[in-house]
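First the structure, in the form of C-alpha cells, and then the observations on it.
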2 protein chains.
Amino acid sequence: MPDARFSPLPGFRDFAPQEYALRAYLFSVWRRVAQRYGFAEWEAPTLESTELYLKKSGGELPTQLFRFQDQGERDVTLRPELTASLGRIAAACQREYAKPLKWFEIGSCFRYEKPQKGRLREFVQFNADILGEASEGADAELLALAIDCMREFGFTAQDFVVRVSDREVWLRYAAEHGVPEERVGDFLAVIDKFERDRPEYCQEKLDAFGLRREDLVAFIQNPPAGCSAHFDRVYEELCARGLEDYVQLDLSVVRGLAYYTGLVFEIFDKGHTLRAVAGGGRYDGLVGTLSGGAVDMPATGFAMGDAVIAHLIEACPAARALRDAALRPHSCDVCLVLAAPEMRPQMLALASVLRDAGVRVDLPLAPAKMGNQLKRAEKIGATYAVIIGAEYPEVELKNLATRESAHTTPDGLMTELLGEADEA
Amino acid sequence: MPDARFSPLPGFRDFAPQEYALRAYLFSVWRRVAQRYGFAEWEAPTLESTELYLKKSGGELPTQLFRFQDQGERDVTLRPELTASLGRIAAACQREYAKPLKWFEIGSCFRYEKPQKGRLREFVQFNADILGEASEGADAELLALAIDCMREFGFTAQDFVVRVSDREVWLRYAAEHGVPEERVGDFLAVIDKFERDRPEYCQEKLDAFGLRREDLVAFIQNPPAGCSAHFDRVYEELCARGLEDYVQLDLSVVRGLAYYTGLVFEIFDKGHTLRAVAGGGRYDGLVGTLSGGAVDMPATGFAMGDAVIAHLIEACPAARALRDAALRPHSCDVCLVLAAPEMRPQMLALASVLRDAGVRVDLPLAPAKMGNQLKRAEKIGATYAVIIGAEYPEVELKNLATRESAHTTPDGLMTELLGEADEA
C-alpha cells in the first residue's frame, strides 16, 4: 500500500508503474479498435477559454469546473469534456481533411465533484466522433465502434447493453401532447430523471404539462413500431454487421445535455449496478453554434471513461483474465547479470548491441551479488537472464520461466533473442 | 492553414490529426528507447498542491505558474515539471518496487511564459529518472538513454553534443578560493550565467567574491585532469558502450535549480542555435526533502521537451527523413468502395470480419459516387481499395500505390491482407 502521507490531491490519482500498466492497457484497447475503424487520433489543449464552454452550453455553465483567472487575467477552465474543443478545432481546420472526419482522442478531463467510486476529479476519457455525415450510417459506425471496444475488453452481450434512444421521438410526443415549444427542454429533463425520481415526485412535475406518468411508462415500455426511423435504420446496419444482440431501443435515455439533437445512447452493465460506461449521441447543431455559424457540420460522438470500465472489468472474469494477461510485469526481455566484475566493459558493450537491435535490456548499475542480481531479474519480470563471467565471450542464457539454461556467445544470443523480439 | 478565429489560448496548441502524427512520432521514439533500457512508464496527476513545489524549491516558487484556488479553497498548481511529483510518488510506494527504480513519463507541463519559438504554455516533456542508486553507473545509464533517444531520431555526433559538468568541482573551487559557504549558491548563479552575461557585468558580480573572470575562463577551458572523478567514471562507462563521441566535460553548465547535487548535463545542437534540447542531473537530496526525511533515495534524471526537438528535427535532413516516413497518412489498410448500393449489408458484414481480424478498415457511411469514394481512399492514405459490386462475393482488390488490381473473394482477401497486417 502506498504511504498515505504522500498522497495526491483528493480525487486525483498517481500512476506508479503498476497502476500505469492498467491505464496503458485501457489506452491500447481503445486505440487499437479505433484504428481498426479508420479513426485518426487528435488532442486538445488541457486548458481552454471559459467562453468556449459558455458558447457550447448556451450560457448555462456546469458548476463543477476547475475555473480560474490566469496571470494574464483570462477566464480559463481545465477541460471538463472534449466536445467543445473538438467543435472548435474541427471548425478551424476541417477544410484540410476528407469528409467525414472520423476522429478519436484519449486524455484527461477535470470536474470538481465529490470523489467516490467511479467519480474522480481528474479522469480519462476515450472520445470518438464522426463529423460531416448526417446519415444513420455514421451513427451505426459509431455504435459498432463502441460495441467492439467492449468486446475487445472481453465483454459479451451477457455483460452489457447499449440503450439507444431518439430525442426526435420525444419532440414529436411533446408536440402531439400540447407541450409548449419553450418548455420542451423542461419536459426532456423530466424524462431524463424518469427512472431515478420517486413516482409521486415525477407525477408532480408532469402535472405542469398535463401528462400522466402511467401513459409515459406505457409509451417507454412499448414504443409504437416505427416510432423512430433513425433507430430502425441504425438497427438494420448493426444487423448486417452482426452486432444486433448488443442494442435495444430504450426511450428512457435522453442524456442530460441540451445540445443533443437525434439518436442518443448509453452503455450499461447488464445488472445496471454502475453509472453508464459510455454515452453519446448526435449533436448536429454544435459545430455551427461554436463557430458562430461559420462552419456547419452534422456530428455524432461518444465518450467512455476509464473509472467505470475498470470496475466493470474487475467484475467480469473473462475481461479480468484479458486484463491480467496484459498487466504481467515484463519491463524487459533480458536482464544482464555480471558474475565477474572485470567484465563490466564487455557487459556494457553487449547491452548496447542488444539495445540497438531493439531488445529491452536491464543491467546492474553498480557491483552487486549474483543472487541479488537474479532476484531483480525475476522481480522486474525479465524473460531471460544472461550471465556474464570470466569465460566471456561465452555467456549463460537462462530462461527465467522454464529455468532452462544454455551456454552461448553474443552472436548466438542475438539470433536467439531477435527471433523472440520479432514475434513479440 | 487553420482558421484563426477558432484558435486555442496563446501558448497552447491544437493537435488535429496532422499535428497529432508528429506528437505520436516523438512519443513512440521516446517510449521505444526507454523500454529498451528497461524503464517502466508512470504518470502523475496534472494538478498538485502548490505546497509540493514550495517544498521542492525550498520556499522560492517560480513566478511563472498556473496557480489558483480550487472550489475547496486549496492552493493548487498545474504541474510545471514532473520531478516534484516523482519524488512524492516514489516516496509513497518505493517499497513495492525492485531498486533501483528506472521510471519514465511522457506528459504535459504548464508554465505561464511569453509564447515564442520553443517556448509554450503547455508543452510535453519526456522524463527519465533512476532512483535508489548513487553510483555513476546510474548517471551513465541515463546519459546513454538520452544519447540513444537522439540517435533514434536520426541525429549523429555531428548534430548534437552532451555537455556534462559536475557541481562538486565548483563547490571545491569555491571552498579553495575563499567563497563563504552561505554564498556558494550565488557563486553558482554567476557560473550559470557565465556564457550569457556581458564580460564586464560578469566581472562586476565576481568582484564580490574577489575572483577574476579570466581565471574562471581558463579553468573552464582547460579543466585540470582528474578534477571530476564522477565525470571520469561516467566517461569510462560511455566508452565501453561506444558512446564517448557524444559527450564532453563542460564546466560552464551548472543548471539553474538549487536541488542538483553532482553531475549535471545539457544537450545542445552543435551550432548551439537553440535552447537546450534536454537537461538533467543528480538530485540526491530531493526525495528526502519532499518526504520530510522519511525516505532517502539518491536520484538522477533528465527531461527532454517536445518543442526544441521538433525544431531540431526540422533542421536536420536525416532526422527529417525519418520523421516524414513516420508521418505519412496511413489511417487505414483498406477502404471499402461500394459500387452496387444493394450490396451494403454484404459490405458491412465484410467490414466486421476484416476489423475483427485486426485490419484497419474505412467504409462509405452514406451513398456516394464511386469516384468520390476512391478519392477519399487516396486522401486518408489507405493501402488498398476493395470494390464491392453486384458480382459479390467476387470483389476487386486495388493497390492504391502500385495501381495493380486483382479479382478475389472475401476469403482470398483475408489471406492477402492478414499476411500484410502481420508484417506491419
Row for the range B:5-119, column shape: gyration tensor on C-alpha, a ≥ b ≥ c, rounded if a/c < 1.5 i.e. under 1.5, prolate if a/b over b/c, else oblate; value oblate
Once the dipole of the protein assembly as shown is set up from charges on Cβ (+1 Lys and Arg, -1 Asp and Glu), the residue from the list B:TYR384, B:MET343, A:PHE39 lying farthest towards its positive end is A:PHE39
Expressed in angstrom and ordered largest first, the alpha-carbon extents of the range B:51-174 along the principal axes are 49, 41, 37
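State which entries of B:LYS55/B:LYS205; A:LYS56/A:LYS99; B:LYS117/B:LYS193; A:LYS375/B:LYS102 exceed 18 angstrom in Cα-Cα distance in the structure shown.
Where the Cα-Cα span goes over 18 Å, the pairs concerned are B:LYS55/B:LYS205; A:LYS56/A:LYS99; B:LYS117/B:LYS193.
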Karplus ³J(HN,Hα) for the range B:283-295 (6.51 cos²θ - 1.76 cosθ + 1.60, θ = phi - 60°; Hz, whole; x = Gly/Pro) runs 9, 5, x, 5, 4, x, 4, 5, 9, x, x, 5, 10
Mean-square fluctuation maximum in Gaussian network of chain A, Cα pairs under 10 Å, restricted to A:PHE104, A:PHE160, A:PHE66, hits A:PHE66
So for R0 = 35 Å, FRET eff. of A:ALA401-B:THR415 from the Cβ-Cβ r, to 0.05, ends up at 0.55
quick note, the range B:334-423, DSSP beta bridge pairs, % antiparallel (nearest 5) is 55
Connecting every pair of Cα atoms under 10 Å apart in chain B and solving the GNM, the largest mean-square fluctuation among B:LYS193, B:LYS117, B:LYS375 falls on B:LYS375
Where a ≥ b ≥ c are root eigenvalues of the Cα gyration tensor, a/c under 1.5 meaning rounded, otherwise prolate if a/b exceeds b/c and oblate otherwise, the range A:4-325 counts as rounded
Helix A:370-379 sits off the longest principal axis of the Cα atoms of chain A, rounded to the nearest 10 on a 0 to 90 degree scale, by 20
Taking a crude spin-label model, label points 7 Å out from Cα along the C-beta direction, the B:ARG198 to A:GLU60 distance in nm is 6.3
For the range B:4-325, percent of DSSP beta bridges that are antiparallel (nearest 5) comes out at 90
Rounded to the nearest 10, the angle in degrees between the Cα long axis of helix B:136-152 and the longest principal axis of the Cα atoms of chain B comes to 40
Under the rule rounded for a/c under 1.5, else prolate if a/b exceeds b/c, else oblate, using alpha carbon gyration tensor axes a ≥ b ≥ c, the range A:272-345 is classed as oblate
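At a temperature of 4 °C and a viscosity of 1.567 mPa s, determine how fast the range A:145-259 diffuses translationally according to Stokes-Einstein, using the Kirkwood radius over alpha-carbon pairs as Rh; express D in µm²/s, rounded to the nearest whole number.
83
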Taking Cα atoms only, helix B:410-423 is inclined relative to the longest principal axis of chain B by an angle, in degrees rounded to 10, of 10
Ranked by GNM mean-square fluctuation in chain B (Cα springs under 10 Å), the top entry among B:ALA138, B:ALA382, B:ALA278 is B:ALA382
Mean shadow area (nm²) of the C-alpha convex hull around the protein assembly as shown is 39.1
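Place a +1 charge on the Cβ of each Lys and Arg in the range B:280-355 and a -1 charge on the Cβ of each Asp and Glu, then give the dipole magnitude about the Cα centre in debye, rounded to the nearest 20.
Dipole of the range B:280-355, to the nearest 20 debye: 240 debye.
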In debye to the nearest 20, the charge dipole size for the protein assembly as shown, taken about the Cα centre with +1 at each Lys and Arg Cβ and -1 at each Asp and Glu Cβ, equals 1080
Phi angles of the range B:352-364, converted by Karplus (6.51 cos²θ - 1.76 cosθ + 1.60, θ = phi - 60°) into ³J(HN,Hα) in whole Hz with x for Gly and Pro, give 4, 4, 5, 5, 4, 7, x, 6, 8, 10, 10, 8, x
With the dipole of chain A defined by +1 on each Lys or Arg Cβ and -1 on each Asp or Glu Cβ, the option from A:SER252, A:ILE313, A:ALA90 whose Cα lies farthest towards the positive pole is A:ILE313
The set of residues whose placed amide H lies less than 5 Å from the amide H of B:TYR37, leaving out same-chain residues fewer than 5 positions away, is A:VAL361
Partner shielding of A:342-350, taken as the mean number of other chain Cβ atoms within 10 Å, equals 3
Taking R0 as 30 Å and r as the Cβ-Cβ distance between A:LYS379 and A:ARG5, the FRET efficiency 1/(1 + (r/R0)^6), rounded to the nearest 0.05, comes to 0.75
To the nearest 20 debye, the range A:298-424 has a Cα-centred charge dipole, built from +1 on Lys and Arg Cβ and -1 on Asp and Glu Cβ, of 560
Expressed in angstrom, Rg and Dmax over the Cα atoms of the range B:334-423 are 11.8, 34
Charge dipole of the protein assembly as shown built from unit charges on the beta carbon (Lys, Arg +1; Asp, Glu -1), centred at mean Cα; most positive-end Cα among A:SER135, B:PHE104, A:PHE110 is A:PHE110
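Please give the calculated 222 nm ellipticity per residue for the protein assembly as shown, where each DSSP H segment of at least 4 residues contributes -39500 (n - 2.57) and the sum is spread over every residue; nearest 500 deg cm²/dmol?
Estimated from H runs of four or more residues: -12000 deg cm²/dmol.
All of the numbers you see were taken from the coordinates with simple rules; none came from a lab. What you see is a predicted model, and the numbers here were worked out from it, not measured in a lab. Here the Cβ is made from the backbone with ideal geometry for all residues, glycine too, and neighbour counts use every protein chain on show.
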